[in-house]
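The values are calculated or read from the model by the stated rules, or taken from the named source; none is laboratory data. Keep in mind the model is a prediction, meaning the values are calculated, not measured. Neighbour counts are summed over all protein chains in view; Cβ atoms, including those assigned to glycine, are modelled from backbone coordinates with ideal geometry. Note: accessible area is taken over every heavy atom of the protein model, side chains too, but ligands, DNA and RNA are not part of it. Shrake-Rupley method; radii C 1.70, N 1.55, O 1.52, S 1.80 Å.
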Amino acid sequence: MKLLCAVLLCTTSTAIAHASVTHSTFGKLPNGAAVEIYTLKNPSVEMRVMTYGARVVSLATKDRDGKMGNVVLGYDKIEGYLKDSSSYFGSVPGRYANRIALGKFTLEGKQYQIPINNAPNALHGGPDGFASRNWTGKEIPEGVEFTLVSPDGDQGFPGTMTAHVRYTLAGNTVRIVYSATTDKPTVVNLTNHSYFNLAGAGNGTILDEKLTIDADKFTPIDATSIPLGNLAPVAGTPFDFTKPETVGSRIDVDNEQLKHGKGYDHNFVLRGKAGVLRPAAKVYDAKSGRVLTVETSEPGVQFYSGNFLDGSLIGPGGVKYVKRSALCLETQHYPDSPNRPDFPSTELKPGQTYHSETTWTFSN
Ligand code: BGC
């Protein structure tokens, strides 16, 4: 009997808690449009996501003592997001996350030009990309679905694109599913640009957090952060995170690649078969005991160590987001793929559906 109870108890305690979903208005855009915010909540995770940029606004998880704390950088008012055109906090950049060299690419014999917003390149889909659009939100079981219709020629990209991003919560896991269709051949690369600090947003730097990346190779970059084209082994370099290593242990060593990125700002080539959800990265913070495990169906992950944060962006309660106070693990196709036929393709044709999936699992 005792054994049976133990088994029953165990079954009950591991059952996945359902998420409640509620929504309200977060604020208004200058054109008067309302920005809606959705709260996905269960006993272990509380996440707020809004229609503006399909952004994660806050994400609270438990530390080793069971205390909830927000682990992503953001603002408490819409005005904070509207003033900040450089960080991309919590957003879904698009139509092409990361860089396209000189903003140019050729598709089916025609050249396209995306406006330059990170000289001399286009970054995150141009100056008015998906991160600054007010998506349409709809409650779905355990979460929310955001939809955006990007017209033909939007930021220079061909084809009308309909994109969806679904955030759902199951137990300790946040699942993000991206999909997109087009009516003309185009390119697409979607990701989430959350800045994590597992010790709590605004609580010091991430230099002591221990990182593992499931990658034996990375794509070295030139001085403008465009891939040189080769896949270089991480072994014997500061880019080897195949075993847990603190972010800060090698970040300032004399290394040309670290100089180009002002720290880590590089795409890692993930092991295994793209298209299938598999381990990508893990972060452990000894101070709080929090662990973040990232899985993805994408071929790469951009590890960005918050090098361009400089204390000028101010979060809730006046907290300064200082240099390297958070890290991003942007699961995605490699940067500049539209100009690199040897990289996994980012082309999307009419009749095809782009599909990408990433999960964040929190434990302690
Ligand atoms: C880029 C960084 C950039 C940051 C914010 C990252 O995806 O790789 O270079 O500073 O986004 O825009």
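Things worth noting here:
- Scalar couplings 3J(HN,Hα) for the stretch 294-302, obtained by applying the Karplus form with A = 6.51, B = -1.76, C = 1.60 to θ = phi - 60°, are 10, 10, 7, 9, 7, x, x, 9, 8 Hz; x denotes Gly and Pro.
- Across the stretch 30-44, coupling constants 3J(HN,Hα) worked out from phi with the 6.51/-1.76/1.60 Karplus curve, θ = phi - 60°, read x, 7, x, 5, 7, 9, 9, 10, 10, 10, 9, 9, 9, x, 10 Hz, and Gly and Pro carry x.
- ³J(HN,Hα) computed for each position of the stretch 195-206 - Karplus, 6.51 cos²θ - 1.76 cosθ + 1.60, integer Hz, glycine/proline x: 9, 9, 9, 5, 7, x, 4, x, 9, x, 9, 9
- The mean sequence distance of close C-alpha pairs (under 8 Å, at least 6 residues apart), as a share of the length of the chain, puts its relative contact order at 17 percent.
- Max mean-square fluctuation residue, GNM over the chain, Cα-Cα springs under 10 Å, options LEU277, LEU190, LEU198: LEU277
- Straightening the chain between ASP65 and ASP216 buys 50.9 nm, computed as 0.36 nm per residue apart minus the Cα-Cα spacing.
- Set of aspartates and glutamates with alpha-carbon distance to LYS243 below 14 Å, sequence-local pairs under 8 removed: GLU209, ASP214, ASP216
- The H on the amide N of VAL187, modeled in the peptide plane, is under 5 Å from the matching H of LEU348, each at least 5 residues off or on a different chain.
- From the alpha carbon centroid of the stretch 337-355 to that of the stretch 174-202 is 16 Å.
- Segment VAL276-ALA33, length gained on full extension (0.36 nm per residue, minus Cα span): 83.7 nm
- Solvent-accessible area, 1.4 Å probe, carbon plus sulfur percent, for the stretch 210-339: 55
- Pairwise Cα inverse-distance average, inverted: Kirkwood Rh of the stretch 41-101 (Å): 13.0
- Choice from ILE176, ILE206, ILE78 showing the highest fluctuation, given a GNM over the chain with Cα pairs closer than 10 Å: ILE78
- Per residue accessible area in Å² of the chain, where ligands, DNA and RNA are left out and the probe is 1.4 Å: 41
- Rounded FRET efficiency, nearest 0.05, which uses the C-beta distance separating GLU108 from ASP252 and R0 of 51 Å: 0.70
- Above-threshold pairs, the threshold being 22 Å between Cα atoms, out of LYS62/LYS83; LYS217/LYS282; LYS262/LYS323; LYS41/LYS320; LYS83/LYS320; LYS210/LYS287: LYS62/LYS83; LYS41/LYS320
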